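Since the structure comes first, as structure tokens, the remarks are kept for the end.
The values are calculated or read from the model by the stated rules, or taken from the named source; none is laboratory data. This one's a predicted model, so the numbers in the text were calculated from it and none came from an experiment. Note that each Cβ is placed from the backbone with ideal geometry, even for glycine, and that neighbours are counted across all protein chains shown. When the accessible area is computed, the model is the full protein with side chains, heavy atoms only, and any ligands, DNA or RNA have been set aside. Shrake-Rupley method; radii C 1.70, N 1.55, O 1.52, S 1.80 Å.
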Amino acid sequence: MKRLFLVAVGLTGILAVKAQVMSEAISATLQKGDTTTVYYGTDALKTAMDNAADGSIITLSSGSFAPPSNITSSVRIYGAGCEEDTITGVTRTYLSGGLVMNGVNGVHVDNFSMEGVYVNGDFTINNADDDQIENVKLVKCRLGIVNLRENTDRTILRQCDIEGNISGNSTVASALMVQNCYVTGEINGFNTSSSVVIDHCVLRAADGNYSDYYHGPYVYKNSIINRFLGTGAVAVNCIGSQSFITNRNNNNAVGCYYDFKSWGALFADGQDNLDYLLKSNSAPRSWVLTDPDTYKGDDGTPVGVTGGDYPWDMIPSTPRITSSSIASKTVDGKLHVVIKAEAKPVTE
């Protein structure tokens, strides 16, 4: 029943998306308990957050929103997607700045999740009471830097485009999972007692300010790596330079692939780099391997973001309008409207 209720709430938000396309408005639908409220305008998300309570669901339309100054409740935020959907024509949900979790009145906020949002800035976890933040999940989002400035437990970054570092700031990350993500920068800076697993990712970190830094001594599985792993790292069935992965033989590398000729030969699109966008048309890449049967992970699926339990797909799991038709005139005072929507399986 809860699942059906969540789908209904999501569909309410997507219907608001369709309405806003016609009225050039944007909306945030707040589901708090049994009450549903819709807010409009660029401050709609801020207003929804101000009125939310722990356990609330906020569904965002396409369009540009001003971010709230602080995440004040344990909410779930669902956007229309962080990329334009060329198949359905649904445009992205865009935040004009970063998001911060600062805690509220000396109390930290756990159990926050967000899916399908382009954040034009960083995602930062601070903490008002120096306690451990639990159960933060970001799925199918585009982000700048991910700053974990307080101890965290069971943080999940999944199917995200991360355009900067994942930075630990000397904090302890317990059970940090980075799954099927594209990461431009470094994954580094966590306390040595942390447990960090990077699985089925593409790690670019090849130029600019990142070129002199290392990824940390964490567990890397089934990933494509283009920079040194820190001393003490474990690499399982990864693709990359042997010198980068083994780091002067100071790391434990098992089943890794060093025999690929070039990035261009590795990927089906033939692009000879790890850039996020295609050179030909600036569209996001699919990351499909030319020979996925040769480069397999320890789970038997292709190495990189197209394998694993969460293959690369930036379309959110919330219901989305796929087609609609609206009659040009009313009949007996009624307007005939046909709307088709689809819901993908929720990524849990």
Lone unmet requirement of (1) farther than 20 Å from TYR218 by Cα; (2) touching a helix residue (DSSP H, G or I) at 6+ places or on another chain (Cβ under 8 Å); (3) not basic (Lys, Arg) for ASN165: (1)
Wholly within region 137-245, strands (runs of 3 or more DSSP E) carrying at least 1 residues that are open to solvent by 20 Å² or more (accessible area, probe 1.4 Å) and charged (D, E, K, R): 196-199, 219-221
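Yes or no, residue by residue, for (1) free of Cβ contacts under 8 Å to residues at least 24 places away in the same chain; (2) more than 22 Å from the chain's Cα centre (by Cα):
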| residue | (1), (2) |
| --- | --- |
| THR29 | no, no |
| THR37 | yes, yes |
| ALA44 | yes, no |
| VAL75 | no, no |
| GLY79 | no, no |
| ARG92 | no, no |
Filtered residues of region 85-102 (kept if open to solvent by less than 20 Å² (accessible area, probe 1.4 Å), within 21 Å of SER56 (Cα to Cα) and in contact with a Gly (Cβ under 9 Å, 6 or more places away or on another chain)): THR93, LEU95, LEU99
Candidates SER286, SER317, filtered to the one that is under 16 Å from GLN159 (Cβ atoms), at pLDDT 90 or above and in a loop (DSSP other than H, G, I, E, B): SER286
Unmet criterion (only one of (1) surrounded by 14 or more Cβ atoms within 10 Å (Cβ to Cβ); (2) at pLDDT 90 or above) for ALA343: (2)
Checklist (1) among the basic types (Lys, Arg); (2) at pLDDT 95 or above; (3) in contact with a Gly (Cβ under 9 Å, 6 or more places away or on another chain) applied to ARG149, failing item: (2)
Where a residue in region 246-269 is open to solvent by less than 60 Å² (accessible area, probe 1.4 Å) and its partner, wherever it lies, is among the acidic types (Asp, Glu), with Cβ under 8 Å and at least six apart: GLY255/ASP298; SER262/ASP272; TRP263/ASP272; GLY264/ASP272
Tally, over region 103-124, of residues that are buried (at least 17 other Cβ atoms within 10 Å of the Cβ), aliphatic (A, V, I, L, M) and either part of a strand (DSSP E or B) or touching a residue at least 40 places away in the same chain (Cβ under 8 Å) (or both): 3
Boolean, ASN127 is open to solvent by less than 40 Å² (accessible area, probe 1.4 Å), modelled with pLDDT under 95 and more than 20 Å from the chain's Cα centre (by Cα): yes
